[in-house]
Structure formats: C-alpha cells, structure tokens
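Here's the structure, in structure tokens; my notes come after.
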Amino acid sequence: MAGPVLTRYTISNTKGIRLRLAVAADLHDEAGEAALALLRQAKPDLILLPGDTLERIVPPTGLPWADIERRYRQARFPAAEQRLRPRMDVLRRRRRPMLQERHGLDFLRQAAQIAPTYLSLGNHELYLQPQDLLELAEAGGILLDNRAVTVYTRDGAAVRLGGLSTRPDEGWLAAFAAAPEYKILLCHHPEYYEPLVQPTGIELTVSGHAHGGQIRLLGHGVYAPGQGLLPKYTKGVYDGGRLAVSAGLHSTAGLPRWGNPTEVVLIALTPDGSV
C-alpha cells in the first residue's frame, strides 16, 4: 500500500480563531515514519490523535476472544451491523489478542517534538493499563479521556480542547460544551456525532475509526464499524465544518483499501476562510 497523503481543509469560524491542526487517526500501533514526515512538512500548531494510536485490545486477565468480539458488537452498533458482523469476520483479518507494542509510543514521542500532541482513546485502546498510560505521558502525549484543557493560539485566543472517550461520559460532554471558548473535541467514533455531539453546539469535532469506508466508490465509503454498510461519515468535512473525519493511517480489516489512501489531515482554522 502506498504511503499516506496530506489532505488539507479550511474551516472558518466566528470567534476569530486562527490555528493549524494536524489530525492523525488510527495508527493502530504500526510504524508511522511516513506520517511523521508529513507532520513535519505541515508544521501544525497542534497535533490531534483521535483514537486507536496504541493497540491494547485485550485485558491482562485474558477474556475469551469470543467475549471480546461480543463486547465490540454491543452498545451503539446498529442492529443491522450486529447481524452482519459475523459474516464480515470471514472476510476481514482475524485479529489475535495482543499486548501493547512500541510503534505508537515512538510515534507519540516524535510527534510531540513537532508540536503539542493531544490524543483521545479509541475502541482498540479499551484495555490500556496504568503502565501504558504512564509510558504515554512519558512519550509526551497529552491524554484527553473525558477531559479538557485550555490552549492558546499565537494571537492569544483561548481554545478549549477536549477528548470524548470510547466510553463516552455524556455529563462531561455537556459541561465541556458549556465552556465559552471555541471548542475542539477529539472523538474517535464519528457515529457518536449525531446522537451525542451535534446537539451540543461544539464548534469542531475530529474523528477517525471509519477508515474511509475501507473501499470507496464514487467518493463514498462502503462499510465502517459502528455505521455498517454505506456509512454517512467516513472521510471529509461535514455539517458545515463542524465535523472532520480522517480516513486514518492504517486499517485492521482483511480487505484491502481501494480508492482510499491513508492520510494525515491538516485543518486550517481561520476567521475569514483564508489560509
């Protein structure tokens, strides 16, 4: 598979925010040298990693793999997808239980040297352990797991930056949405956008998880976890610039990506639409 491309979007805002955001989703603990080269080229103000950077997919107690698969088919997955998923298992690469590797932490370490790097958790990070979180912090990544911080643009404008966990805390989300600053939310799951995030009025949400729909035909993805067949949110900017979805850096499916290059996304936030 060819290396990632740099995809650029410009999103205007009414709060005078001028900021360059690089979004690198779904590394899945694979090697990230090509993505790091694009990040250095892009020279962002902030690097945002909306989930599945690392890859701890089983707890140390060792649940049976069938139980783990069942958990992935539970809450927030459409009923149609739950029926389809066992059939998809025949086609996709059967993932084996694995512990945390080092590529994601190495990526974090180098990304943090380029620009302040913030990440939220995805479904493949469901079972991260305290040691993983300690190493993540030592690598320079700032974890926003149902948590928010305030950052400042070069012009001194305040931006509230938060991360909604793969186990979303709706009370935290409501409190985050009430902040007066311009708000940017890292949310791994784009399928959470309509039921949870859109009603809050949060100015910008960045997501991954959909892997661009894996196969893209006529500009549309074919399948995405959490959305099923012909998913709505797979790659691009939606809802007037309030949701940006990255096609991600790697895939976990057995099917190849087709018409769907991996990508680093660069978002230029601007008061007037100019870069």
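Looking at 139, 111, can you tell me which residue is among the hydrophobic types (A, V, I, L, M, F, W, C) and surrounded by fewer than 20 Cβ atoms within 10 Å (Cβ to Cβ)? Steps first, please.
Working: 111 fails: surrounded by fewer than 20 Cβ atoms within 10 Å (Cβ to Cβ).
Step by step, each of 139, 111 is checked, and only 139 is among the hydrophobic types (A, V, I, L, M, F, W, C) and surrounded by fewer than 20 Cβ atoms within 10 Å (Cβ to Cβ).
Please go through segment 142-167 and pick out each residue that is modelled with pLDDT of 95 or more, open to solvent by 70 Å² or more (accessible area, probe 1.4 Å) and more than 25 Å from residue 191 (Cα to Cα).
The one that is modelled with pLDDT of 95 or more, open to solvent by 70 Å² or more (accessible area, probe 1.4 Å) and more than 25 Å from residue 191 (Cα to Cα): 152.
Given the residues 246, 251, which is the only one that is at pLDDT 95 or above and out of contact with any Leu (no Cβ under 7 Å at 6 or more places or on another chain)?
On the way: 251 fails: at pLDDT 95 or above.
Exactly one residue qualifies, and that residue is 246.
Give me a count of the residues in segment 134-166 that are in contact (Cβ under 8 Å) with a residue 40 or more places away in the chain and either closer than 20 Å to residue 249 by Cβ or not aliphatic (A, V, I, L, M) (or both).
In the first step, residues of segment 134-166 are kept if they are in contact (Cβ under 8 Å) with a residue 40 or more places away in the chain; the result is 136, 141, 144, 151, 153-155, 157, 159, 161, 163-166.
Applying the additional criterion that residues be either closer than 20 Å to residue 249 by Cβ or not aliphatic (A, V, I, L, M) (or both) yields 136, 141, 144, 153-155, 163, 165-166.
Total satisfying the criteria: 9.
Please work out which residue is most open to solvent (accessible area, probe 1.4 Å), limiting yourself to segment 187-205 and to residues that are closer than 14 Å to residue 162 by Cα and hydroxyl-bearing (Ser, Thr, Tyr).
200
Count, please, the residues in segment 215-248 that happen to be of a type in the set (S, T, N, Q), buried (at least 24 other Cβ atoms within 10 Å of the Cβ) and more than 23 Å from residue 144 (Cβ to Cβ). Working first, answer last.
Of segment 215-248, the ones of a type in the set (S, T, N, Q) are 227, 234, 246.
This time we only want the ones that are buried (at least 24 other Cβ atoms within 10 Å of the Cβ), so: 234, 246.
Right, trim to more than 23 Å from residue 144 (Cβ to Cβ) and you get 234.
Number of matching residues: 1.
Take segment 249-260 and flag every residue that is surrounded by fewer than 24 Cβ atoms within 10 Å (Cβ to Cβ) and touching a helix residue (DSSP H, G or I) at 6+ places or on another chain (Cβ under 8 Å).
251, 252, 253, 254, 255, 257, 260
Considering segment 114-136 alone, what residues qualify as being surrounded by 23 or more Cβ atoms within 10 Å (Cβ to Cβ) and within 18 Å of residue 34 (Cβ to Cβ)?
Selection gives 117 alone.
So, of the residues in segment 218-252 that are in contact with a Pro (Cβ under 9 Å, 6 or more places away or on another chain), assigned to a loop (DSSP other than H, G, I, E, B) and aliphatic (A, V, I, L, M), which turns out to be farthest from residue 53 (Cα to Cα)?
The residue in question is 222.
Just one of (1) surrounded by 17 or more Cβ atoms within 10 Å (Cβ to Cβ); (2) closer than 25 Å to residue 129 by Cβ trips up residue 31, so point out which.
Failing condition for residue 31: (1).
For every residue, the table says whether it meets (1) without any contact (Cβ under 8 Å) to a residue 24 or more places away in the chain; (2) touching a helix residue (DSSP H, G or I) at 6+ places or on another chain (Cβ under 6 Å); (3) closer than 23 Å to residue 251 by Cα.
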residue	(1), (2), (3)
4	no, yes, yes
11	no, yes, no
16	no, no, no
19	no, no, no
26	no, no, yes
32	no, yes, yes
41	no, no, no
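Take segment 1-28 and flag every residue that is assigned to a strand (DSSP E or B) and surrounded by fewer than 17 Cβ atoms within 10 Å (Cβ to Cβ).
Going residue by residue through segment 1-28, those that are assigned to a strand (DSSP E or B) are 5-12, 19-23.
5, 6, 8, 9, 10, 12 - these are the residues of segment 1-28 that are assigned to a strand (DSSP E or B) and surrounded by fewer than 17 Cβ atoms within 10 Å (Cβ to Cβ).
Looking only at segment 168-184, decide whether some residue is closer than 24 Å to residue 211 by Cβ, modelled with pLDDT under 95 and under 19 Å from the mean Cα position of the chain (by Cα).
yes
The values are calculated or read from the model by the stated rules, or taken from the named source; none is laboratory data. Because the structure is a prediction, the values reported are computed rather than measured. Neighbour counts are summed over all protein chains in view; Cβ atoms, including those assigned to glycine, are modelled from backbone coordinates with ideal geometry. The area values use the complete protein model at the heavy-atom level, side chains included, leaving out ligands, DNA and RNA. Shrake-Rupley method; radii C 1.70, N 1.55, O 1.52, S 1.80 Å.
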